[in-house]
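Below you'll find the structure, written out as structure tokens, and then a few comments.
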Amino acid sequence: MGNVGTDPKSDSSQRARRHFAPWTDPAVRPLVRFEDVSKRFSDVLALDRVSLDIFEGEFFALLGPSGCGKTTLLRMIAGFCDLDGGEIRFGSERIDRLPAHVRDIGMVFQNYAVFPNLTVAGNVAYGLKARKVAAPETERRVEEALALVQLTGYGARWPHQLSGGQLQRVAIARALVIRPRVLLFDEPLSNLDARLRVSMRTEIRELQKSLGITAIYVTHDQEEAMSVSDRIALMNAGRLEQVGVPVDIYRHPVSRFAAEFMGTTNLVVARLVDRGGDELVSLRPEALRLAADAPAGWPILSGTVARLELLGPLVRLDVRLADGTILKAALLDAPEYQVQVGAPVSLTYDPARLTVLP
């Protein structure tokens with residue numbers, strides 16, 4: 001890739017901040033704490049001494065590919081899976097030895113798990129009846145929960161009369177009606193179509209914020225995790241790869257796995273002029289732009305357009321540099337005459353957007 005520069009201003013002081021950030025205050029104690037949690041299934045190490053803190057009111061995502069351990073970790077909180085080692089605590093109370101029904105959690109499953117032989121109201125009331133809540137109070141809380149998920153007036157309907165999105169709302173209402181301390185989501189949107197997934201994830205996030213409830217959300221979809229979460233734990237092969245706010249994990253991955261899993265990136269070996277050696281670096285396609293108006297000091301990369309994909313105002317390019325390196329770029333409103341296949345093109349980028357990987 002040639003010689004490129006780095007910028008010391010790309011530290012945490014330049015990164016996006018969120019108003020809700022209890023993890024930055026050492027005086028705030030976590031609500032959910034995992035301490036050296038381990039689990040083995042036969043010869044597979046599913047969780048390898050995982051330690052993690054989640055704070056009250058936080059929307060926390062467990063993200064990673066299939067088999068990384070995220071669902072196993074969630075099932076341990078719920079009481080559906082025993083630990084081989086370590087502890088799980090809610091505040092100062094150890095909960096991993098408690099029966100599942102006394103852990104004060106609500107859970108929303110991937111397949112809804114709605115009972116077909118009960119009405120909507122009957123499904124939502126199920127947990128309250130198991131707790132022997134009086135009938136008048138049960139009725140009041142069921143109506144309240146249905147209103148929260150925009151299903152007022154649906155109590156008498158049967159599950160087969162509902163759409164997938166409505167069934168998921170019933171499942172959420174059933175989890176909320178018991179007023180849990182922690183709300184767990186196990187890939188809750190994977191059975192919905194793409195458009196409904198986007199609207200439902202927004203609804204879930206807004207509901208969580210309005211109630212101030214602590215939510216732990218398992219997903220393999222990095223876009224979904226980034227759109228709803230206060231923080232993300234990226235998992236890989238039973239270990240925590242990186243934990244942080246979404247923008248930090250995306251823009252400042254700590255490993256090759258993190259860089260590649262969190263969306264498309266350019267991974268190239270480059271000689272960094274301020275380090276005097278070759279390093280593996282990550283550069284996101286959207287960090288590249290046409291070099292016509294490059295600020296002073298920004299690197300210039302010249303090559304030829306090898307592939308072009310027009311997506312409305314966005315143009316995706318593969319650019320082949322002189323040494324054969326292919327760079328992926330995502331440009332907004334690029335002039336057509338500059339981005340035709342086979343045409344020469346010069347790109348630039350802010351050195352602060354370059355991430356050096358181990």
(message) Looking at (1) of a type outside the set (S, T, N, Q); (2) crowded, with 22+ Cβ neighbours inside 10 Å; (3) part of a strand (DSSP E or B), which one does residue 303 not meet, given that it meets all the others?
(response) (2)
(request) Mind listing whichever residues of segment 277-302 are of a type in the set (A, V, I, L, M, F, W, C) and at pLDDT below 90? (result) 292, 294, 296
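Does residue 51 satisfy being part of a loop (DSSP other than H, G, I, E, B) and assigned by TED's automatic domain parsing to the domain that holds residue 237? Before you say what the answer is, go through the steps one by one.
Working: part of a loop (DSSP other than H, G, I, E, B): no; assigned by TED's automatic domain parsing to the domain that holds residue 237: yes.
Taking the combined requirement at face value, the residue does not satisfy it.
Which helices (runs of 4 or more DSSP H) does segment 160-267 wholly contain that include 2 or more residues that are on the phi < 0 side of the Ramachandran plot and under 16 Å from the mean Cα position of the chain (by Cα)? Walk me through it before giving the result.
Details: elements: 164-176, 194-211, 222-228, 246-251, 256-261.
Qualifying helices (runs of 4 or more DSSP H): 194-211, 222-228, 246-251, 256-261.
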(message) Suppose we filter segment 60-87 for residues that are surrounded by fewer than 22 Cβ atoms within 10 Å (Cβ to Cβ) and in a loop (DSSP other than H, G, I, E, B); how many remain?
(response) 9
(message) Just checking, does segment 227-237 include any residue being farther than 22 Å from residue 51 by Cα and not basic (Lys, Arg)?
(response) yes
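The values are calculated or read from the model by the stated rules, or taken from the named source; none is laboratory data. Values in this document were obtained by computation on a predicted structure and should not be read as measured data. Neighbour counts are summed over all protein chains in view; Cβ atoms, including those assigned to glycine, are modelled from backbone coordinates with ideal geometry.
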